[in-house]
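Structure first, commentary second.
Derivation of every value follows stated rules applied to the coordinates shown; laboratory data play no part. What you see is a predicted model; the values in this text were computed from it and never measured. Every residue, glycine as well, gets a Cβ built from its backbone with ideal geometry; the counts of neighbours run over all protein chains shown.
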Amino acid sequence: MIVYGSSISPVVRKVLVALNEKGIRYEHRPVAPQAEDAEFRAASAMGKIPAIDHDGFRLADSSAILDYVEHLSPQPALIPADAQGAARARWFDKFGEVELDRKLSVVFLERFLKPRLFKVPGDDALAQQALDTHLAPLFDYLESQISGPFLVSGAFGIGDIAVAAPFHNLRLAQVEVDAARWPKLAGWVALTLDRPAFVTAIAAPAW
Ligand SMILES: N[C@@H](CCC(=O)N[C@@H](CS)C(=O)NCC(=O)O)C(=O)O
């Protein structure tokens, strides 16, 4: 399987982690969004990352790809078999992208991408405002949802993958979850990002 997309993207990271967890072999091509690469564009009609090409089967969108690999290689299961567990896992998958990553990306842009990559000053006040106003309530919510090592059903899965993936970008922005204020969340993030599947995905080339 070929996986397209920079590993710096949390949604690409989701796909790499899922493949690592399942032991599915892949070739990673770290293209940027909208890259003028004909093979990538054939796999991603909208030019978005991630996308895959599996023996000619092309698919974009991290959630669709996670569903595909779950059917392809059911063990270890990353989506619970029961209705409520599966629904909750999909909720956290959506929450990770639509709520958490969207708000966290402001911090990542201002504190990592601008100063480190684009070599322009970031707006620190904007980043702090995003942390205080938009991210703190999401951290409160996650703190209320964590009662063990995994978000859903007592087993590691797509919920953990999708919610933990953006937290590495927060680390790149030099922000750690305040363990005094959100002890369960801080512990869960550290434990999850330490899994070998995450460590390997994080080490994958970004460019
Ligand atoms: N729902 C999609 C989102 C994909 C997405 O928006 N990826 C971003 C990179 S993080 C992208 O390629 N953006 C470029 C664009 O929107 O043109 C997924 O989960 O794969």
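Can you run phi through the Karplus equation (6.51, -1.76, 1.60; θ = phi - 60°) for segment 54-63 and list ³J(HN,Hα) in whole Hz, with x for Gly and Pro?
Listing the rounded values in order: 10, 6, x, 8, 10, 8, 10, 5, 4, 5 Hz.
Using a 7 Å offset from the Cα along the Cα-to-Cβ direction at both residue 94 and residue 138, what is the distance between the two label points in nm, to one decimal?
Label-label distance for residue 94 and residue 138, simple model: 1.6 nm.
Ranking request for peptides 119-125, 105-111: highest mean number of other beta-carbon atoms within 10 Å first, then the rest in descending order. Kindly include the intermediate steps, with their values, before the conclusion.
On the way: 119-125: 11.3, 105-111: 21.4.
By packing density, highest mean first, the sequence is 105-111, 119-125.
When ranked by the protection proxy of mean other Cβ atoms within 10 Å per residue, highest first, what sequence do the peptides 193-202, 81-90 form?
Values: 193-202: 16.5, 81-90: 14.5.
Per-residue mean Cβ counts within 10 Å order the peptides as 193-202, 81-90.
Determine the relative contact order of segment 1-137: mean sequence separation of Cα pairs under 8 Å and six or more apart, normalised by residue count, in whole percent. Intermediate results must be reported in sequence, preceding the final value.
Numbers: 167 pairs, mean separation 24.6, N = 137.
Over segment 1-137, the number comes to 18 percent.
Mind giving me the nanometre distance, one decimal, between the label points for residue 55 and residue 190, set 7 Å out from Cα along Cα→Cβ?
4.4
Please work out whether the chain counts as rounded, prolate or oblate from its C-alpha gyration tensor, where a ≥ b ≥ c are the square roots of the eigenvalues and a/c under 1.5 means rounded, while otherwise a/b larger than b/c means prolate and anything else oblate?
It is oblate, given that a/c is not under 1.5 and a/b is not larger than b/c.
Normalising by the residue count of segment 83-198, find the relative contact order in percent from Cα pairs under 8 Å and 6+ residues apart. The partial results should precede the final answer.
Values: 121 pairs, mean separation 38.4, N = 116.
Once normalised by length, the contact order is 33 percent.
Of all alpha-carbon pairs in segment 2-76, indicate the percentage at a distance above 15 angstrom.
Numbers: 1279 of 2775 pairs.
So the pairs more than 15 Å apart make up 46 percent of the total in segment 2-76.
Using per-residue counts of other Cβ atoms within 10 Å, averaged over each peptide, order 150-162, 27-39 from highest down. Mind showing how you got there, number by number?
Details: 150-162: 23.6, 27-39: 15.3.
Sorting 150-162, 27-39 by mean packing, highest first, produces 150-162, 27-39.
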